[in-house]
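The values are calculated or read from the model by the stated rules, or taken from the named source; none is laboratory data. On a predicted model such as this, the values are computed, not experimentally measured, just so you know. Areas reflect the complete protein model, heavy atoms only, side chains present, ligands, DNA and RNA absent. Shrake-Rupley method; radii C 1.70, N 1.55, O 1.52, S 1.80 Å.
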Amino acid sequence: MLVDIFSSFDDNNQVFMSLYGLMWLFSLVTILVFSSSYWVMTPRWVSITMAFKDTVSSQIFRSFGLNLGGFINVISGLFLFLIVMNLSGLIPYVFSPTSHLAVSLSLGLPLWLSLIISAIFFNPSSVVAGLLPMGAPAPLNPFLVIIETVSIMVRPITLSVRLTANMSAGHIVLTLIGNYLTASFFVSSMFSMLLLISIQVFYTIFEFGISVIQAYIFCLLITLYSDEHPH
């Protein structure tokens with residue numbers, strides 16, 4: 001009986017520490033850390049987080065997404081969430097959740113689909129008219145409609161693949177540099193070892209920038225998609 005209890009306890013721990021459990025844990029941490037309403041006194045580093053939120057908010061203010069209720073809160077929260085997810089992959093022995101296509105697709109697909117459904121219910125004739133560019137030759141109209149439809153349908157795929165590919169490529173390069181660096185401690189000269197250490201340090205700093213930029217591009221593209229929403 002005790003063996004069954006301990007085995008079930010171990011199984012539950014494995015489930016909790018799975019990739020998706022870690023992702024939701026980071027989500028909770030993001031909400032608690034970046035929301036100043038949970039603090040008695042406003043921490044000093046809140047100004048840093050507000051800078052990220054203001055960056056995304058300024059982009060939304062220049063788009064039609066400002067007129068969509070709650071859109072600015074969703075994109076701002078998504079931006080901070082993606083930054084935490086991307087940067088978590090730079091922690092040793094931690095795999096970034098956004099390197100999985102299933103995770104990035106589960107973030108991009110609902111937002112893209114919600115904009116499409118909202119546009120269809122708001123003004124379906126405008127959505128259909130948007131499939132055909134103005135002034136297009138009449139013989140090309142069927143082909144242009146098909147091309148525009150396909151380009152709209154592949155948006156969540158390209159959005160997710162871009163994020164996953166960039167994060168995965170960076171982690172692969174860091175892993176390769178780390179393997180060569182480990183081998184250099186035993187078979188290479190001091191110059192080669194110092195060179196690899198310098199490359200590892202600079203590329204890690206570069207990956208910090210890539211993590212923030214990819215989160216910004218992900219949110220920026222969703223914001224640009226909201227511009228096609230019927231006014």
Ignoring ligands and nucleic acids, what accessible area does Val201 show with a 1.4 Å probe (Å², nearest 10)? 80
Could you put Tyr225, Tyr93 in order of accessible surface area, largest first, with the 1.4 Å probe and the full protein assembly present? Tyr93, Tyr225
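What order do Val103, Val74 take when sorted by accessible area (1.4 Å probe), most exposed first? It would help to have the intermediate numbers written out before the result.
Working: Val103 0, Val74 70 Å².
Heavy-atom accessible area, descending, gives Val74, Val103.
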